[in-house]
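For reference, the structure is listed below as structure tokens.
The values are calculated or read from the model by the stated rules, or taken from the named source; none is laboratory data. Being a predicted model, the structure only gives us computed values, none of them experimental. Note that we place each Cβ from the backbone using ideal geometry, even for glycine, and neighbour counts take in every protein chain shown. Just so you know, the surface numbers come from the protein's heavy atoms only, side chains and all, with ligands and any DNA or RNA stripped out. Shrake-Rupley method; radii C 1.70, N 1.55, O 1.52, S 1.80 Å.
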Amino acid sequence: MASAFSAAKFSAQPFPLNHTSTTSHDSSIVFAKPTSLFLGSTRKLRLTSSSKFNLSRRSGTVDAVSDVVKQKKSKSSPSLLITKEEGLELYEDLVLGRAFEDMCAQMYYRGKMFGFVHLYNGQEAVSTGFIKLLKQQDSVVSTYRDHVHALSKGVPARAVMSELFGKTTGCCRGQGGSMHMFSREHNVLGGFAFIGEGIPIATGAAFTSKYKREVLKEADCDHVTLAFFGDGTCNNGQFFECLNMAALWKLPIVFVVENNLWAIGMSHLRATSDPQIYKKGPAFGMPGIHVDGMDVLKVREVAKEAIGRARRGEGPTLVECETYRFRGHSLADPDELRDPAEKAHYAARDPITALKKYLIENSLASEAELKTIEKKIDEVVEDAVEFADESPVPARSQLLENVFADPKGFGIGPDGRYRCEDPKFTEGTAHV
Amino acid sequence: MALRNIIGKRIGNGIGLVGRRSLSTATCDVENRNSKSMNLYSAINQALHLALETDPRAFVFGEDVSFGGVFRCTTGLADRFGKARVFNTPLCEQGIVGFGIGLAAMGNRAIAEIQFADYIYPAFDQIVNEAAKFRYRSGNQFNCGGLTIRAPYGAVGHGGHYHSQSPEAFFCHVPGIKVVIPRSPRQAKGLLLSCIRDPNPVVFFEPKWLYRLAVEEVPEHDYMLPLSEAEVIRQGSDITLVGWGAQLTIMEQACIEAEKDGISCELIDLKTLMPWDKETVEASVRKTGRVLISHEAPVTGGFGAEISASIVERCFLRLEAPVARVCGLDTPFPLVFEPFYMPSKNKVLDAIKATVDY
């Protein structure tokens, strides 16, 4: 595979992409200092490479690079990055995401859910790392791989499972399905089947929050919007348009790229002129950060900074999380194109095992406690399936609802009854 | 849009799902030399192989085409013709089509694939504002006739909002491009080769439901089917049914059922929606006096409306009943409610009866 990154420091690894070691408490991550003056600056800033961070790709200086600071481990006050409660919360969310997606696969193959289903296995660290730092009023905009984003944000597993089964108790009343998870209560602005469609929408949501705070003077409105999308989307016009708008208007938004290297069957390295996506941030005047997306603690550290920036009104951030999906693009994808060695490489960096190791090694939790959590999640997922199974299928009348705001505009005929109850409806000739 | 002569009408099963060899006296018909049983995606694959073979400046590009595409329509092309001619593009439909227009303007044959017709909307601007107007506004100095855009369209049973749409009506409203929709493997191969070689930009919609389901004997040689010629695939005398693509299968089932009630239905496959063969449809309506149009796209503003208006203009006094349209409902394409949304066989049958009994 054509490698865009030099393998000099990682000769043992077949995939010399930017990645650090698997030890989760190594905080040699790099991110922009909030007071840096790189915004729009034309100064050439060279990336300081840490010992584990090799970016030399080709000769010639790189212009559009974020100002980075190597965080020394001693700078952070406690020697650990998380407390026990936080650790257990993160673990539970990771396991929920994984168990839920595995159950989805089972249910799909049993015919309980249908359509195009895209599973998130392997990428849980990104969702947990970011979304667990949000408040309820913060918004999340996702892609078609959205089950776990919805779960992390707080949408009950029951609602998500019912939506997948197409039942009325689902979060969108069964009308959206796998790729369209919405929740007004938890401010999930959707699942989007189309790549890049959600990014402008997230930009608009971020604008609202800023407007409320600065124009309507709701001083405590510091809501942040997170837009999640993949590596393929970073070649799409909508992405660039929104980076520009967000930076121009200093919107409280974080653009999170889940770079799993593959867009169905197209390798990111073969589709992108400059595969280092985080560099596109500074080109538009916002910090661009690259982080190991298989490590939830690293993601969390970066997320804290990025979300903090947005909350303080300092503007947007672009975060590229290097991650991987363990399964195929969707449940219909035989996943034959990816190298098994690559898959094995990332399987060894499973975020759940990494966090488990961290928690146990640092005596934050015992095996027994973690097992209890796993058992609890199993029960939650089983209960979700049962609930979804027993829920009713939507009535036919729901088909015509919600096309316009006024249900009479379409669903209710002049005689006051639902048009679908009109006997002429089966002919398809009833005037609607 | 030549006048169809009577010899050109095809008798028998044109859809090919039963696989019966049909009796044909068509002048521009495909000779059944060496033919092989294959499905729709294989037929399209063969057409693409032939197109690239016969023209060294033909290119195939789109998302995921080099491994064969998500529907396997482009298998083997990259291996055979090389990555310079068959290549993946990044995920940017607007870029893909615009880039294709540029290629075509410089005299190449650009065969762009849009992965699902639902994704064609970012490219809509390029198609409508650039591809359709290129020859016109350059005074015929440049043209993008070498551009063919292929996209799988239509319901597939579980596609939901974004994998099942039928956007043909939007493109039919644009003067300057052609819209072609095949109904079966044999038709697809011939029509696709015609589209690629046609000196106008063409949008070619492939019914994705039929990619594996439709199996037919398809000749292995290079043949082309004429554009803008509709085909009568079933003779009848009581009512004319007009459709295209996968919907014809449903309509044919309805015709068979209606036959049991003594209603003789004439079924026409438009094949090319823009510019469409008004003469054939008109001749048929003059014979039967009744017409029914069926398509998956929502009824309001669908292409059936154009057909209806044209037929009424031309055959007003001959019509015995209002023009019936059995189409999708005016809602976004639903997920769970798909069977209820679709213009099913029963809906078509009810409409046939209502029209005949008017």
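Key figures for this structure:
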read-out	value
Dimensionless Rg/Rh of the stretch A:351-417 - Kirkwood Rh, Rg from C-alpha atoms	1.44
Calculated over the stretch A:318-367: convex hull of Cα atoms, volume per residue (Å³)	133
Calculated SAXS-style log₁₀ I(q)/I(0) at q = 0.11, 0.23 Å⁻¹ - the stretch B:149-270, Debye, Cα scatterers	-0.41, -1.38
Spacing of the two label points (7 Å from each Cα toward its C-beta) at B:Glu259 and A:Thr353, in nm	6.3
Three principal axis lengths of chain B [C-alpha, angstrom, descending]	59, 45, 42
Chain B - percent relative contact order, Cα under 8 Å, separation 6 or more	17
Length released on extending from B:Asn346 to B:Ala309, taking residue separation times 0.36 nm less the Cα-Cα span	10.8 nm
Between 0 and 90°, nearest 10: helix B:278-288 axis offset from chain B longest Cα axis	20
For the stretch A:261-333, with +1 on Lys and Arg beta carbons and -1 on Asp and Glu, the positive-most of A:Gly288, A:Thr323, A:Ile307 along the dipole	A:Ile307
Heavy-atom accessible area order for A:Arg312, A:Arg338, B:Arg325, largest first, 1.4 Å probe	A:Arg312, B:Arg325, A:Arg338
Sum of side-chain charges, B:Tyr162 neighbourhood, beta-carbon under 11 Å (Lys, Arg +1; Asp, Glu -1)	-2
Virtual spin-label span in nm between B:Asp125 and A:Arg110, 7 Å along Cα→Cβ	4.7
Most fluctuating residue given options B:Ile268, B:Ile311, B:Ile44, as computed from a GNM of chain B linking Cα atoms under 10 Å	B:Ile311
Shielding by partners, peptide A:112-118 (average Cβ within 10 angstrom, other chains)	4
FRET efficiency estimate (nearest 0.05) - Cβ-Cβ, A:Asp102 to B:Ala321, R0 60 angstrom	0.60
Efficiency of FRET from Cβ geometry, B:Thr300 and A:Glu369, R₀ 35 Å, rounded to 0.05	0.05
Gain on full stretching of the segment that runs from B:Gln141 to B:Asp330 - 0.36 nm per residue minus C-alpha separation	63.8 nm
Probe 1.4 Å, protein heavy atoms only - accessible area per residue of the stretch B:311-358 in square angstrom	44
Gain in span if fully extended, A:Asp415 to A:Glu382, counting 0.36 nm per residue against the direct Cα distance	7.4 nm
D_trans [Stokes-Einstein, Kirkwood Rh over alpha-carbon pairs] for the stretch B:129-180, 4 °C, 1.567 mPa s, µm² s⁻¹	101
Rg/Rg_globular for the stretch B:273-358, with Rg_globular taken as 2.2 N^0.38 Å and Rg from C-alpha atoms	1.14
Within 10 Å of each Cβ in B:344-351, the average number of Cβ atoms from other chains	3
A:Glu89/A:Ala219 FRET efficiency (R0 22 Å; Cβ-Cβ; nearest 0.05)	0.15
Nitroxide proxy distance, nm - points 7 Å out along Cα→Cβ at B:Asp357 and A:Asp406	3.5
Computed Rg/Rh of the stretch A:163-288, alpha carbon atoms with Kirkwood Rh	1.02
Largest to smallest accessible area among B:Val299, B:Val203 [probe 1.4 Å]	B:Val299, B:Val203
Measure of compaction for the stretch A:85-236 (Cα Rg per 2.2 N^0.38 Å)	1.05
Share of carbon and sulfur in the accessible heavy-atom surface of chain B [1.4 Å probe, %]	55
Protein-only accessible surface order, largest first, of A:Tyr144, B:Tyr162, A:Tyr109, A:Tyr358 at 1.4 Å	A:Tyr109, B:Tyr162, A:Tyr144, A:Tyr358
Total accessible area lost when A and B pair, probe 1.4 Å, Å² to nearest 100	3200
